[in-house]
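What follows is a short report on a single structure.
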């Protein structure tokens, strides 16, 4: 009887679970039961993410007859937990952000049957399942970003220091400029869907957008916050416009192989999804309107608000 790759996933996970328990019990930094439980949770999260990534990438390996290589994904997580070169709380936020960005790739190719699973969604046919790809992608990115923002890990703390996010600064002052990063992701996916997180020229374009956003947050925090606010106002207006003009030539309705329009967490392919984009746009617009008086003194003076 031949041994299949799938037969080894469970033993690898079991080994990972044992390694996580050993790591949590032996971690000198986690001296209290609560600290050990927190470390165990980080390790468990890394294992769950590795399986989710495996399920997403497995079809790519299978099409090239490289199924056994896919086992390296959870195996790498187990080896990481055993060798312990880095704390899991440092790796999990980064992997969540990268896996969230990968959702844009899945949204682009899923109609052609390029992926079987992304997160908790079975992918492969142009159906309602498409509605759950981008929400998961943004949820993963925002969760990873929030964990990196609030993490006590020294490496992530140095990354925050590079972005000039001072420990003494209140989150309310940091958040507006950090919003520039998801705003750029939404805008790039909407305006350049064929380039955003695509191969070829898309690699350079994606790197330019992300690096430009990070540099703006670091060097021009006030301008970054204002640019994020302007971006939310523009993107908020775009949502209702998509719903109004969807059948009037803005974008062709989805057919097999047709171009889909990513707008934030909505993958627009039908009039119903275009209407959902309008609702999302109104929410983005409301957030931009709320931030505008805080970011622009001219707006406060215009409405007679206190400076």
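Observations
- Peptides 267-274, 142-149 ranked from most to least packed give 267-274, 142-149, packing being the mean of other C-beta atoms within 10 angstrom over each peptide's residues.
- Report note on the peptides 44-53, 209-218: ranked by the mean count of other C-beta atoms within 10 Å, highest first, their order is 44-53, 209-218.
- Exposure proxy for 223, 177, 158: other Cβ atoms within 10 Å of each Cβ, ordered fewest to most, give 158, 223, 177.
- Shape call, the range 165-235: gyration tensor on alpha carbons, a/c limit 1.5: prolate
- Exposure proxy ranking, count of Cβ atoms within 10 Å, fewest first, for 196, 220: 220, 196
We did not get these values from a lab; they are worked out from the coordinates using the rules stated. Fair warning: this is a prediction, and the values are worked out from it, not measured in the lab. When we count neighbours, we look across all protein chains shown, and the Cβ atoms used for this are built from the backbone with ideal geometry, even at glycine.
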